[in-house]
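Each reported figure results from applying straightforward, stated rules to the coordinates on display, with no laboratory input. Remember, it's a predicted structure, so these values are computed and weren't measured experimentally. Reconstructed Cβ throughout: ideal geometry from the backbone, glycine too, with neighbour counts over all protein chains shown.
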Amino acid sequence: MSVERVQQALDGVPHTVVTHGHVGSLAEAAAARGVEPRAVVKTLVVRRAEEDYVFVLVPGDRQLSWPKLRALLGVSRMSLPDAEDALRVTGYKRGSITPFGSTHPWPVVADASMVGEEITLGGGVSGTAVRLLADDAIRALGATVADVTELEP
């Protein structure tokens, strides 16, 4: 099961599993997890080339800046895979995707605004999250930290 993969990947990283059931919005997810919306970090799967993906960690109160991410990665075109492709390349369904325990260790980019914060990430299955320090996640994932987002309008 996916939760076990996440737990194995988090071995040695201080974290708490939060089980909250189905949520339908960022506000619901934040309330269910007992955190501010900015601490609900979305894991986006971005295709930068054929069979070449990257995880991008985006705080809940921010949105991905495609120009900033393209500049960081040195590519002119990127896209979001459909739900089936995201499942195929990560082993997780949308809404539960996390870099921890992914079936392929794609590179990770973490938005700089999350450094020093406590965050929650998808827990591998719907209705589950993990709470941990962003700095611990960044270190464990070997993530590149960069300004790749902008505040939600």
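Data overview
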item	result
Label zone at Ala49 (point 7 Å along Cα-to-Cβ), backbone N below 13 Å, segment 55-92	73-78
Cβ crowding within 10 Å averaged over residues, with 15-21, 79-85, 145-151 ranked highest first	145-151, 15-21, 79-85
Fraction of antiparallel bridges per DSSP, segment 91-153 only, in percent to nearest 5	60 percent
Extent along principal axes [Cα atoms of the chain; Å; largest to smallest]	39, 32, 30
Farthest toward positive dipole pole in segment 77-141 [+1 Lys/Arg, -1 Asp/Glu at C-beta], among Leu141, Gly95, Leu121	Gly95
Only Lys, Arg (+1) and Asp, Glu (-1) charged, at Cβ; the chain dipole about Cα centre in debye	180 debye
Computed [θ] at 222 nm, deg cm²/dmol, the chain (DSSP H ≥ 4; -39,500 (n - 2.57); rounded to nearest 500)	-7000 deg cm²/dmol
Contact order normalised by residue count of segment 1-137, Cα under 8 Å, 6+ apart, percent	34 percent
Separation of the Val17 and Asp61 label points, Cα + 7 Å toward Cβ, nm	3.0 nm
